[in-house]
Amino acid sequence: MVRAGRLVRVADGMYSLPIDGVGNYVPADKAVVDMLAAGPRTNAELIAGTGLTEGAIHAAIHRLGKQGKVIRVKHGKYALPGTAVPHVYTKDAINEALQSGPKTVRELMTATGKNRGEISQALHRLKAKGLIKAHLICPGRRGYQAVSHHPGT
């Protein structure tokens, strides 16, 4: 009956007679993609723009992310692929930067675009797991920490 135009879908599992002013049902995934077509949006902007609940937005973002239709730009902000720079975890950026050889923390900051705190925290976690080797190459008040991949990784 929906295809024939006798009924209009107004929500999941709910139908109505066609009435002027009553909008048609739009699936959450489509509503999110339509909102992101105009540019990156935060969770709050998606909720306000689509009229969906926070849970529905999170579920749609999760499904669309798994399908590769939405990328995370930063915490709580999403975009369509190719419209913004995707978020890269610090540990992944460090691993990629270290592929070309040992680097100091300052060189890692330049190569990854992350700040000293993010780099230090990620290095601490990676060193604890034995994935990297770190040592001071210029001892002093602060020193310079050189980082390289652990042999065998």
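The values are calculated or read from the model by the stated rules, or taken from the named source; none is laboratory data. Everything numeric in this text was worked out from a predicted model, so none of it was measured. A quick note on method: Cβ atoms are made from the backbone with ideal geometry, for glycine too, and the neighbour counts reach across all protein chains shown.
Checked against (1) modelled with pLDDT of 90 or more; (2) not in a loop (DSSP other than H, G, I, E, B), G39 meets all criteria but (2).
Condition test on G113, is it surrounded by 11 or more Cβ atoms within 10 Å (Cβ to Cβ) and either on the phi > 0 side of the Ramachandran plot or in contact with a Gly (Cβ under 8 Å, 6 or more places away or on another chain) (or both)? Outline the logic, then answer.
Details: surrounded by 11 or more Cβ atoms within 10 Å (Cβ to Cβ): yes; either on the phi > 0 side of the Ramachandran plot or in contact with a Gly (Cβ under 8 Å, 6 or more places away or on another chain) (or both): yes.
The answer is yes for G113.
Residues that are in contact with a Pro (Cβ under 9 Å, 6 or more places away or on another chain) and of a type in the set (A, V, I, L, M) were ranked within region 1-32; the one that is modelled with the highest pLDDT is L7.
Which residues, taken from region 78-110, are part of a strand (DSSP E or B) and within 20 Å of A28 (Cα to Cα)? Quick ask: steps written out before the conclusion?
Within region 78-110, the subset part of a strand (DSSP E or B) is 78-79, 103-104.
Hits for region 78-110 are Y78, A79.
Name the residue, out of H62, H58, H75, that is in the same structural domain as A37 (by TED's automatic domain parsing), modelled with pLDDT under 90, under 30 Å from D29 (Cβ atoms) and not small (G, A, S).
Values: H62 fails: modelled with pLDDT under 90; H58 fails: modelled with pLDDT under 90.
Exactly one of H62, H58, H75 is in the same structural domain as A37 (by TED's automatic domain parsing), modelled with pLDDT under 90, under 30 Å from D29 (Cβ atoms) and not small (G, A, S), namely H75.
Checking region 47-59 against the condition returns no match, with no residue being in contact with a strand residue (DSSP E or B) (Cβ under 8 Å, 6 or more places away or on another chain), of a type in the set (A, V, I, L, M, F, W, C) and on the phi < 0 side of the Ramachandran plot.
Within region 59-66, identify whether any single residue is surrounded by 19 or more Cβ atoms within 10 Å (Cβ to Cβ) and in contact (Cβ under 8 Å) with a residue 40 or more places away in the chain, and answer yes or no. No.
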